[in-house]
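No value in this document is a laboratory result; all are computed from the given coordinates. Because the structure is predicted, anything quoted here is derived from the model rather than measured. Here the Cβ positions follow ideal geometry from the backbone for every residue, glycine too, while neighbour counts run over all protein chains shown.
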Amino acid sequence: MEALGFPFLNAGIISSLTSPQQKSRKLKTRTKLVNVSNPFSLKHEPAYRTHFHPSSVRMQLDNGEEEPVRQMKEMAAARTRWEALIREEKVKVLTPKEAGYAIQLSNKTLLDVRPSTEHEKAWVKGSCWIPIFDVDNRFDVGTVSRKITNFVMGGWWSGIPMLVYDNQFISKVEEKFPKETDLIVACQKGLRSLAACEQLYNAGYRNLFWVQGGLETAEEEDLEREGPQPFKLAGIGGFSEFLGWTDQQRAAAAKEGWGYRLVFSARLVGLVLLADGMFIGAQEVGHFLQDLRSH
């Protein structure tokens with residue numbers, strides 16, 4: 001993460017900052033787009049609670065500054081750098097539809113920098129997958145502790161895993177593509193791909209195109225998809241996905257109708273019945289144990 005300019009920032013936070021579920025999450029600080037044509041026209045709002053660092057669990061840095069505040073400052077600095085890349089046209093902006101045209105008509109390469117959990121659900125046909133962040137599979141004490149914290153503080157609901165920056169990202173890209181290659185860089189929501197564009201530009205790549213909004217904003221006809229799920233659903237997970245309570249699934253339900261909703265309604269009913277069964281079973285076991293003691 002130090003190479004990105006925000007060494008203390010968890011990669012899971014990067015993806016959550018631009019999530020469509022942003023308004024429903026308990027954020028300590030958040031930003032909101034106010035100009036669609038300029039992704040960096042940001043309006044800062046007052047402090048909100050955060051699902052990953054609630055007020056009851058505050059970590060103090062050596063200088064006395066709370067870690068969430070430090071992280072937000074680092075994100076603001078990163079956004080400033082990325083804004084300059086776009087404004088100075090060092091990185092060109094494409095919509096998903098424009099990216100699809102560029103791939104079909106100009107044979108440009110789409111570089112997919114999403115983690116494996118998102119890529120395995122849906123990917124663009126013919127794209128090259130080199131994640132800038134991927135699932136942290138280490139099992140040392142510190143990593144396991146952070147994974148537990150991530151799960152307890154919202155990972156169980158959102159399904160966002162602990163991600164780690166791949167220090168070999170640039171070298172892996174260089175192995176496949178010369179510096180003059182036209183690269184269309186995409187992630188799920190658009191933020192991690194901007195981080196990748198900055199890294200690639202600093203490494204000498206000059207023909208970079210960024211998919212604004214990420215693959216999540218793509219319609220099925222925009223890009224030729226492979227994989228079991230639509231692009232819009234590739235970034236969701238956890239218990240919220242199981243119940244169909246994500247914004248992406250609600251939007252899909254509005255298009256698909258009652259047949260789509262019925263699946264998740266059945267899951268919810270089944271979950272309630274299971275909980276009731278476990279509760280009744282626990283009561284019966286308790287009564288049985290009491291009878292044994294009394295005899």
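Overview of results
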read-out	value
Two-site FRET efficiency, TRP129 against TYR201, from Cβ-Cβ distance with R₀ of 22 Å, rounded to 0.05	0.60
Exceeding the 26 Å Cα-Cα cut-off - candidates LYS92/LYS255; LYS90/LYS189; LYS121/LYS176; LYS92/LYS189; LYS108/LYS172	LYS92/LYS255
Gain in span if fully extended, GLU66 to VAL144, counting 0.36 nm per residue against the direct Cα distance	25.8 nm
Spin-label zone in segment 203-220 - amide nitrogen under 13 Å from a point set 7 Å from the Cα of LYS92 along the C-beta vector	206-211
Length released on extending from PHE151 to PHE242, taking residue separation times 0.36 nm less the Cα-Cα span	31.2 nm
Measure of compaction for segment 240-295 (Cα Rg per 2.2 N^0.38 Å)	1.85
Global form of segment 137-295, assessed from the alpha-carbon gyration tensor, a/c cut-off 1.5	oblate
FRET efficiency estimate (nearest 0.05) - Cβ-Cβ, ALA251 to ALA275, R0 41 angstrom	0.90
Two-site FRET efficiency, ASN167 against GLU221, from Cβ-Cβ distance with R₀ of 45 Å, rounded to 0.05	0.75
